[in-house]
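Down below is the structure, laid out as structure tokens.
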Amino acid sequence: MFNDEFFMKKALKLAKKAAYRTSPNPMVGAVIVKNGKIISEGYHKKAGLPHAEAEAIMKSPHHLKDSTLYVTLEPCCHRNKRTPPCTDAIISSGIKRVVIAMRDPNPEVSGKGIELLKNHGIEVVEGILESEAKKLNEFYIKYISTKMPFVILKIAMTLDGKIATPEGESKWITSEQSRKLVHKLRSQVDAILTAYGTVINDNSRLTARIKGGKNPIRIVIDPELKIPFDYHIYNPPPKTIAIVKEDFLVTEKEKILSNRGVEFIPYNSDKVELNWLMKELGKRGIISLMIEGGSSLNAYALQHNIVDKIMFFIAPKIIGGKDSYPCIGGNFYRRLSESYELEELSVKKLKVDILIEGYLKKG
């Protein structure tokens, strides 16, 4: 049956074609329908390129008078960007009805685009497949609302919750299929956060080694610049940002790394304050971040309440031993009544492993 949900599903499918390549913009799809038939489609491909609505309007070989536009996000109406307002294009096109999945949380747009269309006699319907649209752009929604990135904590562990043996052996706990999925996830986020202990132990590349993959920015907490020169992470590309104590940014090593293209974010406290760091990364336009660290960083991230989503890749293995590294370490714990809880939980059976993911319950 061709109804609003049918055509909105088409628009959402188009939005997904951007495959997380629109950062810091949202992924948006648009479909134009006339007399019950799709006459044009468009989606936002990359920041700086036409928005979905504008592309669909430009591509249409037909007159758009009395047609309906389906779009996954409220059309923009401000000029503080590289492309013209989509509301202008819609108003001048002759489209008589606009169906929107969700309002844009951007304060420069939120509700204003809808109001402008209505003021020009265009019928507006909103909230069609809204939850699906919000899920698609959860990175953008968090960033535009808080100016901080959406944070995914990724953990690969055994059935008994271990991420390494007492000697630090961790390659490979999970299967090849899980690792391929992690490379795909790396390609979808703007940046990866790790710490010097993990890098020194694994000499991590933190790249997306899949066909057509996009490498994330690598962010490493290395307070005293202890990671050796020849390690992958200090040999861009891809881009690396090191989080370093101010006192260690006047060394010969800092000069050498700067010449290689490594960037630095200095701090002057005993430990990195992660909420401060998230704000600093937000200032740099990083809207999504995946943490790939060890026990301490995982615990520290939870303790500082920066995590939005957790993904547990669980291998059907048992290491045992009180000295093996747990997935969440640190010197703190919560009582059962105050424990961290996940909601919107999903469980997926991979070829060998199990993937459990959910959103950290806030408050």
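The values are calculated or read from the model by the stated rules, or taken from the named source; none is laboratory data. Predicted model, so just to flag it, every value in this text is computed and none were measured. A quick note on method: Cβ atoms are made from the backbone with ideal geometry, for glycine too, and the neighbour counts reach across all protein chains shown. Just so you know, the surface numbers come from the protein's heavy atoms only, side chains and all, with ligands and any DNA or RNA stripped out. Shrake-Rupley method; radii C 1.70, N 1.55, O 1.52, S 1.80 Å.
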* Find all pairs meeting these conditions: Cβ atoms under 9 angstrom apart; at least six residues apart or on different chains; first residue within the stretch 321-333 and over 15 Å from Glu292 (Cα atoms) and free of Cβ contacts under 8 Å to residues at least 24 places away in the same chain; second residue assigned to a loop (DSSP other than H, G, I, E, B) and polar (S, T, N, Q). => Tyr333/Ser339
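Residues Pro50, Pro26: which one is open to solvent by 10 Å² or more (accessible area, probe 1.4 Å), touching a His at 6+ places or on another chain (Cβ under 9 Å) and touching a residue at least 60 places away in the same chain (Cβ under 8 Å)? Don't jump to the end; show me each part of the working.
Working: Pro50 fails: touching a residue at least 60 places away in the same chain (Cβ under 8 Å).
Testing whether each residue is open to solvent by 10 Å² or more (accessible area, probe 1.4 Å), touching a His at 6+ places or on another chain (Cβ under 9 Å) and touching a residue at least 60 places away in the same chain (Cβ under 8 Å) leaves just Pro26.
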* Structure fact -> Of the residues in the stretch 289-308, those that are acidic (Asp, Glu) and buried (at least 22 other Cβ atoms within 10 Å of the Cβ) number 1
* Tell me which of these Val33 doesn't satisfy, since it passes every other one: (1) in a loop (DSSP other than H, G, I, E, B); (2) crowded, with 18+ Cβ neighbours inside 10 Å. => (1)
* Tell me, which helices (runs of 4 or more DSSP H) wholly within the stretch 84-140 include 2 or more residues that are without any contact (Cβ under 8 Å) to a residue 60 or more places away in the chain and of a type in the set (Gly, Ala, Ser)? -> 86-93
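If we scan the stretch 148-167, do we find a residue that is in a helix (DSSP H, G or I), more than 15 Å from His44 (Cβ to Cβ), aliphatic (A, V, I, L, M) and modelled with pLDDT of 95 or more?
The first filter runs over the stretch 148-167 and keeps only residues in a helix (DSSP H, G or I), leaving none.
No, there is no match, as no residue in the stretch 148-167 is in a helix (DSSP H, G or I), more than 15 Å from His44 (Cβ to Cβ), aliphatic (A, V, I, L, M) and modelled with pLDDT of 95 or more.
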* Structure fact -> Among (1) under 18 Å from the mean Cα position of the chain (by Cα); (2) at positive phi, Gly168 falls short only on (1)
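Condition check ((1) more than 21 Å from Gly285 (Cα to Cα); (2) at pLDDT 95 or above; (3) among the acidic types (Asp, Glu)) across all residues:
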{"position": "Met8", "(1), (2), (3)": "yes, yes, no"}
{"position": "Lys13", "(1), (2), (3)": "yes, yes, no"}
{"position": "Pro24", "(1), (2), (3)": "no, no, no"}
{"position": "Ala30", "(1), (2), (3)": "yes, yes, no"}
{"position": "Gly36", "(1), (2), (3)": "yes, no, no"}
{"position": "His62", "(1), (2), (3)": "yes, no, no"}
{"position": "Cys77", "(1), (2), (3)": "yes, no, no"}
* Residue ID - nearest to Met27 (Cα to Cα), chosen from residues in the stretch 171-195 that are of a type in the set (Gly, Ala, Ser) and crowded, with 18+ Cβ neighbours inside 10 Å -> Ser187
* **Ser337, sole failed condition from (1) assigned to a strand (DSSP E or B); (2) open to solvent by 100 Å² or more (accessible area, probe 1.4 Å)** => (1)
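Confirm whether Tyr43 is of a type in the set (Phe, Trp, Tyr) and within 28 Å of Thr146 (Cβ to Cβ). Step through it out loud before you land on a result.
On the way: of a type in the set (Phe, Trp, Tyr): yes; within 28 Å of Thr146 (Cβ to Cβ): yes.
Spelling it out, Tyr43 is indeed of a type in the set (Phe, Trp, Tyr) and within 28 Å of Thr146 (Cβ to Cβ).
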* Asked: Where in the stretch 192-304 are the helices (runs of 4 or more DSSP H), entirely inside, with at least 3 residues that are within 28 Å of Ala47 (Cα to Cα)?
  -> 274-283
* Among (1) under 18 Å from Gly29 (Cα atoms); (2) more than 24 Å from the chain's Cα centre (by Cα) - the single one Glu138 does not satisfy -> (2)
* Asked: Can you name every residue in the stretch 74-83 that is touching a residue at least 24 places away in the same chain (Cβ under 8 Å) and within 24 Å of the chain's Cα centre (by Cα)?
  -> Glu74, Pro75, Cys76, Asn80, Arg82, Thr83
* Structure fact -> Residue pairs within 8 Å by beta carbon, gap of at least six or interchain, first lying in the stretch 338-363 and over 13 Å from Asn305 (Cα atoms), second open to solvent by 100 Å² or more (accessible area, probe 1.4 Å) and of a type in the set (Val, Ile, Thr), listed first then second, are Ile354/Val347; Leu355/Val347; Ile356/Val347
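Tally the residues that are of a type in the set (Gly, Ala, Ser) and open to solvent by 10 Å² or more (accessible area, probe 1.4 Å), restricting the search to the stretch 61-120.
Here is the first cut: in the stretch 61-120, the residues of a type in the set (Gly, Ala, Ser) are 67, 89, 92-94, 101, 110-111, 113.
Restricting the remaining residues to those that are open to solvent by 10 Å² or more (accessible area, probe 1.4 Å) gives 89, 92-94, 110-111.
Number satisfying all stated conditions: 6.
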* Asked: How many residues, within the stretch 196-213, are open to solvent by less than 50 Å² (accessible area, probe 1.4 Å) and among the basic types (Lys, Arg)?
  -> 0
* **Within the stretch 267-288, tally of residues that are among the small types (Gly, Ala, Ser) and open to solvent by 10 Å² or more (accessible area, probe 1.4 Å)** => 2
